[in-house]
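This report concerns only the one structure given below.
Only the coordinates and a few stated rules stand behind these numbers; no lab work does. These numbers were taken from a predicted model, which means no experiment stands behind them. Cβ sites come from the backbone with ideal geometry, for glycine too, and all protein chains shown count toward neighbours.
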Amino acid sequence: MSLDSVLVVFAVGAVAGFIGALFGVGGGILIVPVLASGFGVPMHTAIGTSLLCVVATSSAAASRNIRSGMANVKLASLLEPCTVVGAITGAFVAGFLRGETLMTIFGVTLMLMAIPMSRGQVELGLHAGTGGEPHGRFHLRGRYYDEAKSSEIEYEVERAPSLMGISVGAGVLSGLLGVGGGIVQVPVMTLLGRIPMKAAAATSNMMIGVTAVASALVYYGRGDLSPALAAAAVTGVFLGSKAGVTVAARIHGSSLRRGFAVFMVLMGIQLLLKANGLWFS
């Protein structure tokens, strides 16, 4: 890679890390399409690189999210084994698929997941001290201080068994497409589990690193990693993630989510066109 390309990949990584930490999606939804469409990187290599970036996003964001209480450690511990099993499965399946097929799957996934991402999510849960009985046998209650609202938010996780089942699918998607699984888990935790958006994103950020490591090892074993490309992207992602997790604690995310949903649709369309030979990068 030329120096100019390295600097551009670094910059893209920084933006991806910022977005990934902000929404808990790992940044792969930006890294993969940009590398594949903008730089002509083979799809499998782009996915392998993205998985390493997901690890960087998680590493940069997890410690702060745990200290602040936004990340629900009990919920993450329950869902993570399911996600890892799915991630390893998805990574192996990806080895049997053509790059164009992966592009098509990725493009469709982006556009479908833009729908729940675009919704201005109302903060769920209760202010601390208002009571409320635990739902189900898992008793996964969470509590954190929301700087943007200057209040403490308390919530109870609903439908935990369903979240476990969907986590397997999120893991498969992570290993297959290099997106960390957060693109599925964040909307699902928010809409199905009734978890506030900030807590869902923080919990996802905590989980995606372990998920990505599991599948990245499979890509590494197949030789689907470029050291120079990965180093530039991961460095940018790590720095961007530090900024993203700081900003996430201070803002309301509805307008950003809607703008990001538009971006997801545009990138999805671009990948579909490229997969069918209609896009020239």
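If packing is taken as the mean number of other Cβ atoms within 10 Å per residue, what is the order of 62-73, 231-242, 12-23, 88-99, highest first?
Working: 62-73: 19.6, 231-242: 23.8, 12-23: 27.5, 88-99: 17.2.
Packing proxy ranking, top to bottom: 12-23, 231-242, 62-73, 88-99.
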What nm value, rounded to one decimal, do you get for the distance between Tyr220 and Ala243 when each label is placed 7 Å out toward the C-beta?
-> 2.8 nm
Residues in the range 187-214 near a label at Ser77, defined as backbone nitrogen under 15 Å from the 7 Å Cα→Cβ point?
-> 207
State the number of lysine pairs found in the range 3-275 whose Cα atoms come within less than 26 Å, restricting to pairs 8 or more positions apart or on distinct chains.
-> 6
Step through the residues of the range 83-100 one at a time and calculate ³J(HN,Hα) from phi using the Karplus curve (6.51 cos²θ - 1.76 cosθ + 1.60, θ = phi - 60°), rounding each to whole Hz and writing x for Gly and Pro.
-> 5, 5, 4, x, 5, 5, 4, x, 5, 5, 5, 4, x, 9, 10, 6, x, 5
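With a 10 Å radius around each residue's Cβ, average the other Cβ atoms per peptide and rank 53-59, 100-106, highest first. Intermediate results must be reported in sequence, preceding the final value.
Values: 53-59: 28.0, 100-106: 19.7.
Going by the mean number of other Cβ atoms within 10 Å, highest first, we get 53-59, 100-106.
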Stokes-Einstein translational diffusion, the range 3-275 - Kirkwood Rh over all Cα pairs, 0.890 mPa s, 25 °C, in µm²/s = 136 µm²/s
How many nm is it between the label spots at Arg258 and Ser63, if each spot is 7 Å from the Cα in line with the beta carbon?
-> 3.7 nm
Residues meeting the amide H criterion for Arg141 (H placed from the backbone, H to H distance under 5 Å, 5 or more places apart or on another chain) are Val157
